[in-house]
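See below for the structure under consideration.
Just so you know, all these numbers are worked out from the coordinates, no wet-lab data involved. Quick caveat: nothing in here was measured; it's all calculated off a predicted structure. Glycine gets a Cβ as well: all are built from the backbone with ideal geometry, and neighbour counts include every protein chain shown.
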Amino acid sequence: MERTFLMIKPDAVQRNLIGEVVSRIENKGLKLVAAKLFQANEELAKEHYSEHVEKPFFNGLVDFITSGPVFAMVVEGNNVVEVTRTLVGETNPAKAAPGTIRGDYGVDLGRNIIHGSDSNESAKREIGLWFNDAELNDYKLNNEAWVYEK
Ligand code: IDP
């Protein structure tokens, strides 16, 4: 089983979409390992998005992410990075397919509802930035045999 980092962004928190988004993750069959409503400071936001530091949208992105609480999560499952990236949809909500989180709830690139790690490597890095070990829950869901063949 792998883990990934998902974050419901401040736009979706303000629009009361936490429940809708978490429901999709649960309904998919994935397991929540950690979750918290949390307002990031500038340092954390800059570190999280450090790969975009040279981009023209970087400062706006950091302002947006720190503008209010986010709902940060660690989610576990087989092949969970790919599964959740598919669930999340394309970066630009205008192009994201209906049925995806961004496709169903967003319009604008700078208000795209949710973040999901794009590789196992970034997942590890991001989980370590947002959570400490004591916040990660190790437990078994008793429906696993009904979600995974193996
Ligand atoms: P991802 O979130 O789908 O992995 P990335 O390309 O890593 O997409 O971009 C990170 C975040 O930066 C996006 O989710 C979006 O919030 C923001 N972003 C990316 N490109 C732009 C842009 O051109 N204008 C404004 N915000 C952008």
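Given a Förster distance of 30 angstrom, what is the FRET efficiency for Lys36 paired with Glu82, based on the Cβ-Cβ distance and rounded to 0.05? With R0 = 30 Å, the Cβ-Cβ based efficiency is 0.75.
Put simply, the amide H of Gln39, placed in the peptide plane, has neighbours under 5 Å in Val70, leaving out anything fewer than 5 places away on its chain. Among the listed pairs Lys31/Lys95; Lys9/Lys124; Lys36/Lys95; Lys36/Lys124; Lys55/Lys124; Lys9/Lys140, those with a Cα-Cα distance over 21 Å are Lys31/Lys95; Lys36/Lys95; Lys55/Lys124; Lys9/Lys140. The fewest-to-most ranking of Glu47, Glu54 by surrounding Cβ atoms within 10 Å reads Glu54, Glu47. Reducing region 61-130 and region 16-55 to their Cα centroids gives an inter-centroid distance of 7 Å. Remark: the chain carries a charge dipole of roughly 340 debye about the Cα centre, counting +1 on each Lys and Arg Cβ and -1 on each Asp and Glu Cβ. Debye-formula intensities of region 76-150, expressed as log10 I(q)/I(0) at q = 0.19 Å⁻¹, are -0.93 (one equal scatterer per alpha-carbon, no solvent).
Exposed loop sites, defined as chymotrypsin sites (Phe, Trp or Tyr not before Pro) outside DSSP H, G, I, E and B with at most 13 other Cβ atoms within 10 Å, are absent from the longest region of the chain, namely 58-138.
For Val83, the shell of other residues with beta-carbons less than 10 Å away shows a net charge of 0, using +1 for Lys and Arg and -1 for Asp and Glu. For the chain, the longest principal axis of the Cα atoms and the long axis of helix 18-28 meet at an angle of about 40 degrees.
The loop-placed GluC sites (Glu not before Pro) in region 77-150, going by DSSP, that have at most 12 neighbouring Cβ atoms within 10 Å of their Cβ come out as Glu149.
When the P(r) is computed for the chain, the part past 19 Å accounts for 52% of the Cα-Cα pairs.
Modelled spin-label separation between Leu141 and Ser119, with each label point placed 7 Å from Cα along the Cα-to-Cβ direction: 2.7 nm.
Calculated [222 nm] ellipticity per residue, helices only, for the chain: -10000 deg cm²/dmol; basis is -39500 (n - 2.57) per DSSP H run with n ≥ 4, divided by all residues, nearest 500. Between Lys55 and Ala97, the simple spin-label model (points 7 angstrom out along Cα→Cβ) gives 2.3 nm. Positive end of the dipole of region 2-137 (Cβ unit charges, origin at the Cα centre): among Thr100, Val74, Asn132, the Cα lying farthest that way belongs to Thr100.
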